[in-house]
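Undergrad: Handing you a structure now.
Taken together, the values in this text are just the output of simple stated rules run on the coordinates, not laboratory data. Please read all numbers here as calculations on a predicted model, not as lab measurements. With ideal geometry, Cβ positions are generated from the backbone for all residues, glycine too; neighbour counts draw on all protein chains shown.
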Amino acid sequence: MNRDRDPAGRPRNARPRDALGRPLDRDAPQRGTGAGQGRIPDDLVINGTDAAELADRLLREGRPFHAHEVLEAAWKSGPPGERDLWQGLAQIAVGLTHARRGNARGAAALLRRGAGRVRAAQAGPAAGSRPYGMDLPAVLAASDDLAARIERDGLDGLPPAGLSVRLLRT
């Protein structure tokens, strides 16, 4: 099977995805009543404030996979001193994606790993509890709490609305 490639020859996947990032058939609808979700461009360059706002909106909409793509773009296009912050937040979003897909073990592991990376970033060059308006203490507390609940009780008793983290306090 031929893969989609960008002009530099790097593999890209132009297939539409559902809200949890799972690939759909190429002819799946992208907008409206269909299951397809708009894609985050692979080459997105985004500043910290815009990344925080867009990722927060996507998380609130129940689209953690897409939030992960935004956070990944922020780590790739942002200042080197913020790399751990954005990577940690992206890992938290992937943990939420795993939780919504039913993978309790992967969810808890990535929530913990991401929270650890964000904590490390708070002690480094990206120090601070509210960079770009994000409430990192609340993000960390929610990630830790959710990971502990998943490890203790599994995913069966957690509604989708409970599988979320807010980046911004608004």
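Undergrad: Taking 7 Å along the Cα-to-C-beta vector as the label spot, tell me the Asp144-Ser77 distance in nanometres, rounded to one decimal.
TA: A separation of 3.3 nm, rounded to one decimal place.
Undergrad: Tell me the net charge near Asp50. Cut-off is 12 Å between Cβ atoms, Asp50 excluded, with +1 for each Lys or Arg and -1 for each Asp or Glu. Please list the in-between numbers first.
TA: Details: positive: Arg57; negative: Glu53, Asp56.
So the environment of Asp50 carries a net charge of -1.
Undergrad: Okay, moving on. Taking 7 Å along the Cα-to-C-beta vector as the label spot, tell me the Asn47-Ala161 distance in nanometres, rounded to one decimal.
TA: Placing both labels 7 Å beyond Cα along the Cβ direction yields 3.5 nm.
Undergrad: Give me Ile40, Ile92 sorted ascending by neighbouring Cβ count inside 10 Å, so fewest comes first. If you can, show how the numbers build up before the last one.
TA: Details: Ile40 22, Ile92 32.
Final ranking by Cβ density, sparse to dense: Ile40, Ile92.
Undergrad: Under a plain spin-label model, where a point goes 7 Å from the Cα along Cα-to-Cβ, how far apart in nm are Arg57 and Ala120?
TA: Modelled inter-label distance: 3.2 nm.
Undergrad: Another question, then. Within 9 Å, Cβ to Cβ, of Ala73, how many net charges do the neighbouring residues add up to if Lys/Arg are +1 and Asp/Glu are -1? Walk me through the numbers before you get to the answer.
TA: Details: positive: Lys76; negative: Asp42, Asp43, Glu69, Glu72.
Result for the local shell: -3.
Undergrad: A follow-up question, please. Give the peptides 154-161, 69-76 in descending order of average Cβ contacts within 10 Å, highest first.
TA: On the way: 154-161: 11.1, 69-76: 23.6.
With the highest mean Cβ count within 10 Å placed first, the list reads 69-76, 154-161.
Undergrad: Moving on to the next point. Output ³J(HN,Hα) for segment 73-88: one whole-Hz value per residue in order, computed from phi by the Karplus curve 6.51 cos²θ - 1.76 cosθ + 1.60 with θ = phi - 60°, and x for Gly and Pro.
TA: 5, 5, 6, 6, 9, x, x, x, x, 9, 4, 5, 4, 5, 4, x
Undergrad: Please compute the Cα-Cα pair-distance distribution of segment 101-159 with 5 Å bins starting at 0, giving whole percents from short to long.
TA: 4, 20, 25, 20, 13, 10, 6, 1
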